[in-house]
Structure formats: structure tokens, C-alpha cells
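Comments concern the structure below.
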Amino acid sequence: MLRGVRSTTWRSETGTPPTLRGEIGVVGHPDGGRYAVAVFTRSFGTAQNQPRADAAIGSAARVAIDHLRAHI
């Protein structure tokens, strides 16, 4: 999920019931900053593999973390 997030470490858990996709994780940066991230999406399809949804989750996480890091 967090491929788009520039970090040193991340740990996450994925949940994918039909039409829902969620990811929650902790992103660690080299400067010691750690950020908890949770992103949930809903789709009309029930396909298990939804690369566009995964990309959207990663993008949303990256935007949120970049915003937090810029304002701390």
C-alpha cells in the first residue's frame, strides 16, 4: 500500500472484504518521526486484485504524511 510513501520502515495490515479495501499502518522516517495511517475505499466491483484502489490508498497516505511533516 505505502509504496508511494518515502520512508525507512512501514508495517501494515490489509483488510479486503467484498467491495471494501482498507489499509492501516505505521510509517517511520529516518528522523524518528512515526505516523499512523488508515485509508479505506469502497468499490463497485468485488475483484480481489484492484491495483487502482491500492494506488489510491498509497497516494492518500503519501499526501497525508507529507502534509503532517510539513506542518510539525
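Taking the Cα atoms only, what angle lies between the long axis of helix 51-70 and the longest principal axis of the chain, rounded to 10 degrees?
20
Report, in deg cm²/dmol and to the nearest 500, the calculated mean residue ellipticity at 222 nm for the chain, where each DSSP H run with n ≥ 4 adds -39500 (n - 2.57) and the sum is divided by the residue count. Write out the running numbers ahead of the final one.
Working: 1 runs with 20 residues, N = 72.
One gets -9500 deg cm²/dmol as the mean residue ellipticity at 222 nm.
If you project the alpha carbons of the chain onto their three principal axes, what span does each projection cover, largest first, in Å?
39, 19, 15
If I stretch the segment between Q48 and L20 completely, what's the gain in nm (0.36 nm per residue apart, minus their alpha carbon distance), one decimal?
Details: separation 28, 0.36 × 28 = 10.08 nm, distance 0.98 nm.
So the chain would gain 9.1 nm between Q48 and L20.
Normalised by the number of residues in the chain, what is the relative contact order in percent for Cα pairs under 8 Å and 6+ residues apart? Don't jump to the answer; show the numbers that get you there.
Numbers: 109 pairs, mean separation 23.8, N = 72.
That works out to 33 percent.
Each reported figure results from applying straightforward, stated rules to the coordinates on display, with no laboratory input. None of the values given here were measured: they were computed from a predicted structure.
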